[in-house]
Amino acid sequence: MRRAGVFAFVCLLLAVYCAVDPFDHCAISGFPDFKAFKVEMPAWSEIPVEKDTDNLLQKSEIKFLNQVQGPESVAFDPMGRGPYTGVADGRIVFWDGEKWNDFAYTSANRSALCDTKPSLLSYLKNEHICGRPLGLRFHKQTGDLYIADAYLGLMKVGPEGGLATYLATEAEGVPLGFTNDLDIDDDGTVYFTDSSTTYRRRNFLLLVFSGENSGRVLKYDPSTKTTTVLVRDLQFPNGLSLSKDKSFFVFCEGSIGRLRKYWIKGEKAGTSEVMAVLPGFPDNVRTNEKGEFWVAIHCRRTIYAYFSAMYPKLRHLCLKLPISAKIHYLMQIGGRMHGAIVKYSPEGKLLKILEDRQGKVVKAVSEVEEKDGKLWMGSVLLPFVAVYQLE
């Protein structure tokens, strides 16, 4: 009885500690309005189990180490030059074959606050001032570069670079909160994602932990200069890419781990459907010349992450424990960072998976761009670009 009493007393103390969090130790400290939402997960049996037993991504070449910080998106201009990428200090830079050069920037308020810093986390505090370019796309006809800036919205800059101009900062009266990725149709129509209107990019871990559904997929019409919402109430929509024939686009549902297809043309125009269940948490998606889709997988989904998504009350309780956000993140991804990329057919068939399950070379991938027999992989979390030679 005495042991039971001691145990009950300890549990009571822990409950009080978690409720009060006097030393701000919990992962959601500073966010008193935080709520955890249920994620409508596919059946565990539907999540692909195919693996790259050879860990082929470990054969990737690390390029530009410590020359580019957090290169989320990798793009080549209509003449094949590049790569271009957006980096953590808010610039968009390009490789001229010998060195990196400044090409464009999204914020007109740049100052010493945006100078190069020793680590990627050092930039978070001032991202809203310096800008944080994520998805990049060139218009093949005009050469204009379109930019999804996480804080400043949908933007565009001409072929000569410089300060980008605004295209969209809100939709239906609701400001863009976390502009993430985009693609451009031949007529200049832009389809893009707004990952959350609740959490900004610097709080992306809270968006992951929350599972909230304020994300949107949007359309910018250049003829009317208006932005409309195509799909709403999404849980962390992320990458987006048009099909080769431009009859549909696919976008990633980050929290659920799915590829979703949205029809632009044909009998199904204006409707969407699940295209594929992914093996983990997706980031960007890109279409290759064959019309296949490469999806960057931040990490595989663990059984812990799966059940955590389905039971929000339990997740909220765990987040109130005196455990840092970093530890919760590591629990979500299985203890260590490990990169993976997958390729799907337009019909949603899994064609290829490449991994580095030990995270020895490619610890994380944000985007995969296929060009001339090579896969160029950027990562918002790493200070380099990885290149894999296709066989």
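What follows draws every value from the coordinates through simple rules; no lab data is involved. Predicted, not measured: the structure shown is a model, and the values here were computed from it. Note that we place each Cβ from the backbone using ideal geometry, even for glycine, and neighbour counts take in every protein chain shown.
Each label was represented as a point 7 Å from its Cα along the Cα-to-Cβ direction; for GLU160 and GLU61 these points are 3.4 nm apart.
For segment 271-277, putting each phi into the Karplus relation 6.51 cos²θ - 1.76 cosθ + 1.60 with θ = phi - 60° gives couplings of 10, 10, 8, 5, 9, 6, 8 Hz, in residue order, rounded to whole numbers and with x for Gly and Pro. Under a 5 Å amide H cut-off, with hydrogens placed 1.01 Å from N, GLN69 pairs with ALA88 among residues at least 5 apart or on other chains. Packing here is the average count of other Cβ atoms within 10 Å per residue, and on that basis the peptides 374-386, 164-176, 200-212, highest first, run 374-386, 200-212, 164-176. Calculated [222 nm] ellipticity per residue, helices only, for the chain: -4000 deg cm²/dmol; basis is -39500 (n - 2.57) per DSSP H run with n ≥ 4, divided by all residues, nearest 500. In sequence order, segment 141-152 has phi-based couplings of 7, 8, x, 5, 9, 9, 10, 9, 8, 3, 9, 9 Hz under the Karplus curve 6.51 cos²θ - 1.76 cosθ + 1.60, θ = phi - 60°, and Gly or Pro positions carry x.
Decide, for segment 145-209, between rounded, prolate and oblate: order the square roots of the alpha carbon gyration tensor eigenvalues as a ≥ b ≥ c, take rounded if a/c falls under 1.5, and otherwise choose prolate if a/b is larger than b/c, else oblate. The shape class here is prolate. Cβ-Cβ distance of LEU350 and THR142, R₀ of 51 Å, FRET efficiency by 1/(1 + (r/R0)^6): the value works out to about 0.90.
For LYS99, the lysines whose Cα falls under 27 Å of its own Cα, not counting residues fewer than eight places away in the same chain, are LYS59, LYS63, LYS117, LYS140, LYS156, LYS360, LYS363, LYS371, LYS374. Proximity of backbone amide H atoms, modeled 1.01 Å from N, is registered between LYS371 and TRP376 at under 5 Å, excluding neighbours fewer than 5 places apart on the same chain.
What is the fewest-to-most order of MET337, MET310 by other Cβ atoms lying within 10 Å of their Cβ?
Details: MET337 19, MET310 15.
With the sparsest Cβ surroundings first, the list reads MET310, MET337.
Classify segment 244-311 as rounded, prolate or oblate, taking a ≥ b ≥ c as the square roots of the eigenvalues of its Cα gyration tensor: rounded when a/c is under 1.5, otherwise prolate if a/b is larger than b/c and oblate if not.
oblate
Anisotropy class assigned to segment 34-389 is rounded, per the alpha carbon gyration tensor with a/c under the 1.5 cut-off.
Using DSSP, restrict attention to beta bridges with both residues in segment 34-389 and report what percent are antiparallel, rounded to the nearest 5. Mind showing how you got there, number by number?
Numbers: 83 of 85 bridges.
Percentage antiparallel, nearest 5: 100.
Here the label points at LYS265 and TRP44, each 7 Å from Cα along the C-beta direction, are separated by 4.4 nm in the simple model.
Quick one, could you list the DSSP H helices from the chain stretching 24 Å or more along their long axis (Cα atoms) with average Kyte-Doolittle hydropathy of 1.0 or above? Intermediate results must be reported in sequence, preceding the final value.
Working: long enough: 2-20 (27 Å, 1.86).
Counting only whole DSSP H runs, the qualifying helices are 2-20.
Label zone (THR226, point 7 Å along Cα-to-C-beta; backbone nitrogen cut-off 19 Å) within segment 148-177: 154, 167-176.
Taken along the Cα-to-beta-carbon direction at a fixed 7 Å, the label points for LYS117 and THR169 span 2.3 nm.
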